[in-house]
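Asker: Below are the structure tokens for one structure; questions will follow.
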Amino acid sequence: METNTKALQSLALGWLIPGLGHVSLKKYWRGGIFFGCITAMLILGLFMGGKIYSYQEEGLHLKLIFKNMTENPLTFLATLSDLGYGFIYILSKLFSFGLGNLKNTTFEFGTTYIAGAGLLNYLVALDAFDIALGKKK
Amino acid sequence: MIFKSHLFSMILYAAFVCVVLALIRKDERKAQIKYALSLFVLMVFGAIIFGWFMYLFV
């Protein structure tokens, strides 16, 4: 039971801040490298004028989520990937950064860097979860 | 605005992704380096080859 709690805690920490899940499991080097790579990708993406996508509808009812998925499937998928770096995503919504600059020639690349960082952080958080469960070293 | 070169942006992106994936997928240091390098080569040259392939349809 305690192992499951620790695993869920490392999953949540890893999602909130890249690499923090590994640091909580005393994998300092690995956590540091994950933090460095994912944060660098995110910052570079923002400097390139990339966009952090957000959920388009008012409310979280199943009907509205389904409407959002069917009307803007790519935006919906981009939102899911951007949700991957938890705390910075919340900050970006609170302080309105990452709105994207379409005039930049690097807009598409910046958006790809940001989405890639989010997707990688999902994998990193799940890796911390597996380590805490003892499935991995 | 930074990184006007799309090729450089793609190479840097591939480098970050390779480092993270190698650390996730492999446990031994030697295996991590081998995996990261092979993935990097595959991503960069794969993208260049695919880019030339798309050029056929211009």
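Asker: Consider A:TYR28 against the criteria (1) crowded, with 17+ Cβ neighbours inside 10 Å; (2) modelled with pLDDT of 90 or more; (3) hydroxyl-bearing (Ser, Thr, Tyr): it satisfies all of them except one. Which criterion is unmet?
Answerer: Among (1) crowded, with 17+ Cβ neighbours inside 10 Å; (2) modelled with pLDDT of 90 or more; (3) hydroxyl-bearing (Ser, Thr, Tyr), the lone unmet condition for A:TYR28 is (1).
Asker: Looking only at residues that are within 13 Å of the chain's Cα centre (by Cα) and away from chain B (no Cβ under 14 Å) in segment A:85-137, which one is surrounded by the most Cβ atoms within 10 Å (Cβ to Cβ)?
Answerer: Out of the qualifying residues, it is A:ILE88.
Asker: Let me ask something else. Out of segment B:28-55, which residues are under 19 Å from A:ASP127 (Cα atoms), free of Cβ contacts under 8 Å to residues at least 12 places away in the same chain, surrounded by 12 or more Cβ atoms within 10 Å (Cβ to Cβ) and not hydrophobic (A, V, I, L, M, F, W, C)?
Answerer: If the condition is that a residue be under 19 Å from A:ASP127 (Cα atoms), free of Cβ contacts under 8 Å to residues at least 12 places away in the same chain, surrounded by 12 or more Cβ atoms within 10 Å (Cβ to Cβ) and not hydrophobic (A, V, I, L, M, F, W, C), then B:GLN32 is the only one that fits.
Asker: Continuing with this model, one more query. Considering segment A:12-31 alone, what residues qualify as being part of a helix (DSSP H, G or I) and more than 11 Å from chain B (Cβ to nearest Cβ)?
Answerer: Here is the first cut: in segment A:12-31, the residues part of a helix (DSSP H, G or I) are A:12-16, A:20-24, A:28-31.
A:ALA12, A:LEU13, A:GLY14, A:TRP15, A:LEU16, A:LEU20, A:GLY21, A:VAL23, A:SER24, A:TYR28 - these are the residues of segment A:12-31 that are part of a helix (DSSP H, G or I) and more than 11 Å from chain B (Cβ to nearest Cβ).
Asker: If we scan segment A:38-52, do we find a residue that is in a strand (DSSP E or B), buried (at least 20 other Cβ atoms within 10 Å of the Cβ) and touching a Phe, Trp or Tyr at 6+ places or on another chain (Cβ under 9 Å)? Full working, then the answer.
Answerer: If we filter segment A:38-52 for residues that are in a strand (DSSP E or B), which is where we start, we get A:51.
Narrowing further to those that are buried (at least 20 other Cβ atoms within 10 Å of the Cβ): A:51.
Among the residues that remain, those that are also touching a Phe, Trp or Tyr at 6+ places or on another chain (Cβ under 9 Å) are: A:51.
Yes: one or more hits.
Asker: Would you say A:LEU64 is more than 22 Å from A:LEU13 (Cα to Cα) and surrounded by fewer than 16 Cβ atoms within 10 Å (Cβ to Cβ)? Please lay out each step first, then the result.
Answerer: Numbers: more than 22 Å from A:LEU13 (Cα to Cα): yes; surrounded by fewer than 16 Cβ atoms within 10 Å (Cβ to Cβ): yes.
In short, yes.
Asker: Would you mention how many residues in segment A:35-51 are among the aliphatic types (A, V, I, L, M) and in contact with a Leu (Cβ under 8 Å, 6 or more places away or on another chain)? Walk me through it before giving the result.
Answerer: From segment A:35-51, those among the aliphatic types (A, V, I, L, M) are A:38, A:40-44, A:46, A:48; that's our starting set.
Filter again for in contact with a Leu (Cβ under 8 Å, 6 or more places away or on another chain), leaving A:38, A:41, A:44.
Selection size over segment A:35-51: 3.
Asker: Quick check on my filter: what residues within segment A:49-84 are within 11 Å of chain B (Cβ to nearest Cβ) and over 18 Å from A:SER96 (Cβ atoms)?
Answerer: none
Asker: Here's another thing I want to ask about it. Being free of Cβ contacts under 8 Å to residues at least 24 places away in the same chain and not in a helix (DSSP H, G or I) is the filter here; which residues of segment A:53-69 pass it?
Answerer: First, the residues of segment A:53-69 that are free of Cβ contacts under 8 Å to residues at least 24 places away in the same chain: A:56-69.
Answer for segment A:53-69, where residues must be free of Cβ contacts under 8 Å to residues at least 24 places away in the same chain and not in a helix (DSSP H, G or I): A:GLN56, A:GLU57, A:GLU58, A:GLY59, A:LEU60, A:HIS61.
Asker: While we're on this one: Condition test on B:VAL58, is it more than 12 Å from chain A (Cβ to nearest Cβ), over 20 Å from A:GLY32 (Cα atoms) and touching a residue at least 24 places away in the same chain (Cβ under 8 Å)?
Answerer: On the way: more than 12 Å from chain A (Cβ to nearest Cβ): yes; over 20 Å from A:GLY32 (Cα atoms): yes; touching a residue at least 24 places away in the same chain (Cβ under 8 Å): no.
Answer is no for this residue.
Asker: While we're here: Mind listing whichever residues of segment A:107-137 are small (Gly, Ala, Ser) and either modelled with pLDDT under 90 or over 30 Å from B:HIS6 (Cα atoms) (or both)?
Answerer: A:ALA128, A:ALA132, A:GLY134
Asker: Contact list please: Cβ distance under 6 Å, first residue in segment B:1-27 and facing chain A (nearest Cβ under 9 Å), second residue among the charged types (D, E, K, R), pairs at least six apart or on different chains.
Answerer: What qualifies is B:LEU23/A:ARG30; B:ILE24/A:ASP127; B:ASP27/A:LYS137.
Asker: Quick check, is A:LYS93 part of a helix (DSSP H, G or I), closer than 17 Å to A:TRP15 by Cα and either modelled with pLDDT under 90 or of a type in the set (S, T, N, Q) (or both)?
Answerer: Working: part of a helix (DSSP H, G or I): yes; closer than 17 Å to A:TRP15 by Cα: yes; either modelled with pLDDT under 90 or of a type in the set (S, T, N, Q) (or both): yes.
Here the answer is yes, as A:LYS93 does meet what is asked.
Asker: While we're on this one: Just give me the residues in segment A:9-24 being in contact with a Ser or Thr (Cβ under 6 Å, 6 or more places away or on another chain) and surrounded by fewer than 20 Cβ atoms within 10 Å (Cβ to Cβ), in sequence order.
Answerer: A:SER24 - this is the single residue of segment A:9-24 that is in contact with a Ser or Thr (Cβ under 6 Å, 6 or more places away or on another chain) and surrounded by fewer than 20 Cβ atoms within 10 Å (Cβ to Cβ).
The values are calculated or read from the model by the stated rules, or taken from the named source; none is laboratory data. Source: prediction; values computed, not measured. Heads up, the Cβs are rebuilt from the backbone with ideal geometry, glycines too, and the neighbour counts pull from every protein chain shown.
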